1. Please list, ordered by chain and number, the residues whose modelled amide H lies under 5 Å from the amide H of residue A:138; skip anything fewer than 5 residues away on the same chain.
2. Threshold 30 Å², probe 1.4 Å: give the residues of the stretch B:1-23, in number order, that are less accessible with all protein chains present than with their chain alone.
3. Quick one: which of B:159-165, A:93-99, A:128-134, A:189-195 comes out on top by average Cβ neighbours within 10 Å, and what's the full order, highest first?
4. Provide the percentage of antiparallel DSSP beta bridges, counting only those with both residues in the protein assembly as shown; round to the nearest 5.
5. Put +1 on the Cβ of every Lys and Arg and -1 on every Asp and Glu Cβ in chain B; which of B:203, B:113, B:91 then has its Cα farthest towards the positive end of the dipole?
6. Quick one: which residues, 5 or more positions from residue B:214 or on another chain, have an amide H under 5 Å from its amide H? H modelled 1.01 Å from N in the peptide plane, none for Pro or chain starts.
7. So what is the calculated 222 nm ellipticity per residue for chain A, using -39500 (n - 2.57) for each DSSP H run with n of 4 or more, over all residues, to the nearest 500 deg cm²/dmol?
8. Relative to the longest principal Cα axis of chain B, at what angle does helix B:200-210 sit, 0 to 90 degrees, rounded to 10?
Number of protein chains: 2
Amino acid sequence: MPKVVTKLVSWDEVVEWSLGLARKIEGSGWLPDMVVAVARGGYVPARLLCDYLGISDLMSLQSQHWTEAARASQKAIIRNPYSVEAKGLKVLVVDDIVDTGETLALAKDFIASEWKPEGVRTAALQWISPVAKFKPDYYYLEVKDWAWFQYPWTRLEDLTQFIERIFREDERAKGGLSEDRLRSLFIEWYGVKPEDFGSYWRLALDRLTSKRVLEVKDGVFVLSKPRK
Amino acid sequence: MPKVVTKLVSWDEVVEWSLGLARKIEGSGWLPDMVVAVARGGYVPARLLCDYLGISDLMSLQSQHWTEAARASQKAIIRNPYSVEAKGLKVLVVDDIVDTGETLALAKDFIASEWKPEGVRTAALQWISPVAKFKPDYYYLEVKDWAWFQYPWTRLEDLTQFIERIFREDERAKGGLSEDRLRSLFIEWYGVKPEDFGSYWRLALDRLTSKRVLEVKDGVFVLSKPRK
């Protein structure tokens, strides 16, 4: 069993899930006038929903919770809060996945109280029902067993953090790791193969060395900053 | 020669071009603090650039120009203009393609004068150099022969308008078209095959009939609204 069960989501799945989500929204008989993407996770599904539902009014709001892949940080906050005229409009707030649900709930509440639209509903591709404190009005998939769904718009960031985490937390990484050894620990930790990330694997290692998180010594990768 | 030369852009190309664009931005030594997507076209590339450049601050601004696929409408306008605090920040404004360039130029000017950041630069996956009145600071591909680049986030909207246009403008569609006949006129008009659009083809026909733009009479599709 991997430490962090990770599922790679493909672009084809993103399209299929977004189409399914659009069908659910249409089926409810409630058609939004405006779509608001929760930055940054909601950007791609929000854009696709605009296409599938025929909505031209697209905005975004930055509601943040996660600071590091597969780990929760403090409370959610709205970054750059701003107001627009939304009187009489039906607003759909979109995120990729509802995990704790805090970011989406906060964005919804902010829009309801500050933008004062006629109505606000929420939608997400996935809803992790056992852990979420908030259930979106619309979702395409209910996830019953928690996993880190690795969407294609956060490949490099997640992968970089995944690798760094092995170096920081796995005792076996203390003396450094050859790339082959790193690859096998990666599979053990995340249950997915480095090859599944294509060219991102190399980009992630490059980022870690150029940011001096890792350095290469005698052909092995070593953590260059002290452990937190 | 098709009337509207159309190129279908795949998700893999979007990733490849966005990675290439990120590399050009990094190579220039200018790293933005904030990314602003031009809604709606810039959403996906902006989200990907945030991943590739490690930027967490993502906003959007709606600058619109096109109202119908492959046709220009009036002047560009900023919809829902709003201001945020951007003092001291370097802002990168992102769109998918620079065609006339009006939407991106307008968004840039608006941000420069209203948000007052330290600097604003622009980026797009593609720049159609012979027609654009504006050259973005960063672009991945220069397009020398105009074509309608059909991005995956506007498949349904474009396809619906492509089909409608045949019915409105092609004399041969006057008495109605069987689906087979429509398919062959489509190839003639756009130079791409209906099959290349996968399940969107059916969705587009469904949308046109449910919106009563088209109706089905004796097994052929007929325009139900009078020609403009």
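The values are calculated or read from the model by the stated rules, or taken from the named source; none is laboratory data. Given the structure is predicted, the values throughout are model-derived calculations rather than measurements. Cβ sites come from the backbone with ideal geometry, for glycine too, and all protein chains shown count toward neighbours. Calculation scope for accessible area: heavy atoms of the full protein, side chains included, ligands and nucleic acids excluded. Shrake-Rupley method; radii C 1.70, N 1.55, O 1.52, S 1.80 Å.
1. When sequence neighbours closer than 5 places are left aside, the close amide H contacts are A:122, A:123, A:124.
2. B:11, B:15, B:19
3. A:93-99, B:159-165, A:189-195, A:128-134
4. Among the beta bridges of the protein assembly as shown, antiparallel pairing accounts for roughly 30 percent.
5. B:203
6. Correct list: B:209, B:224.
7. Mean residue ellipticity, 222 nm, calculated: -10500 deg cm²/dmol.
8. Helix B:200-210 sits at roughly 70 degrees to that axis.
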